[in-house]
Amino acid sequence: MKVKYNSVVKFHYRLRDETGAELEHSHDGEPNVYLHGHRGITPGLEEAITDKEEGDVFSVTLPPEKGFGVRQEGRQQRVPIKHLRGKVKPKVGMVVSIQTDSGPRQAVVLKVGKFNVDVDTNHPLAGKTVTFDIEMVAVREATAEEVEHGHPHGDAGCQH
Ligand SMILES: [Zn+2]
């Protein structure tokens, strides 16, 4: 079947930057699973998966506005090291998780001081054109319960 609204989709991906260098991939583990049409994945990728079928292999290149967002100025802030989640020892360029008013958020470390770090809270891939190489693993109809929850369930049912 072709992917449409409320399909449960399983796929493997390889993510590359503008130069073709690989950023990450899913091939070492379980494929990604999501419920189509509920913004469970990057919007441009969801669009590209519409109407694809099990076994399809394709690539899609996404500009920032369809991928991980446009880089915004003024997103730098100073955070006490002790407020970083996961008790990490920060280094420049590292992606850390900080607590904000709207929940935890990923940020990139710009500068490390004795007690504070300067971070940029743009998504680490914001402003970048990225390419996804997609391998469609499985497509099925969602159950009524999955549609109601807005996410797919594993073999053992809802585990949330
Ligand atoms: Zn559920």
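The values are calculated or read from the model by the stated rules, or taken from the named source; none is laboratory data. Predicted, not measured: the structure shown is a model, and the values here were computed from it. Cβ placement follows ideal geometry from the backbone for every residue including glycine, while neighbour counts extend to all protein chains displayed. These area figures cover heavy atoms from the full protein model, side chains too; ligands, DNA and RNA do not enter into them. Shrake-Rupley method; radii C 1.70, N 1.55, O 1.52, S 1.80 Å.
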Discussion item. Please give me the summed charge of the neighbours of D51: other residues whose Cβ is under 12 Å from its Cβ, Lys and Arg +1, Asp and Glu -1.
Written reply: -1
Discussion item. For segment 96-160 and segment 26-71, what is the centre-to-centre distance using only Cα atoms, to the nearest Å?
Written reply: 13
Worksheet item: Over all distinct alpha-carbon pairs, what is the Kirkwood Rh of segment 52-97 in angstrom?
Response: 14.7
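What percentage of the solvent-accessible surface of the chain, computed with a 1.4 Å probe over protein heavy atoms, is contributed by carbon and sulfur atoms?
Roughly 48 percent of what the probe reaches on the chain is carbon or sulfur.
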Worksheet item: Which net charge results for the neighbourhood of F115, defined as the other residues with beta-carbon distances under 11 angstrom from its beta-carbon, given Lys and Arg at +1 and Asp and Glu at -1?
Response: +3
Worksheet item: On average, how much accessible surface per residue is there in the chain, in Å², for a 1.4 Å probe, leaving out ligands, DNA and RNA?
Response: 61
Worksheet entry | For the chain: Kirkwood Rh in Å [reciprocal of mean 1/r, alpha carbons] | 17.6
Worksheet item: If the viscosity is 1.002 mPa s and the temperature 20 °C, what Stokes-Einstein diffusion coefficient in µm²/s follows for segment 90-155 when Rh is the Kirkwood radius over Cα pairs?
Response: 137
Worksheet item: Counting each DSSP H run of 4 or more residues in the chain as -39500 (n - 2.57), what helix-only mean residue ellipticity at 222 nm follows after dividing by all residues, to the nearest 500 deg cm²/dmol?
Response: -2000 deg cm²/dmol
Worksheet item: Any idea what % of Cα-Cα pairs in segment 76-120 are farther than 16 Å?
Response: 20
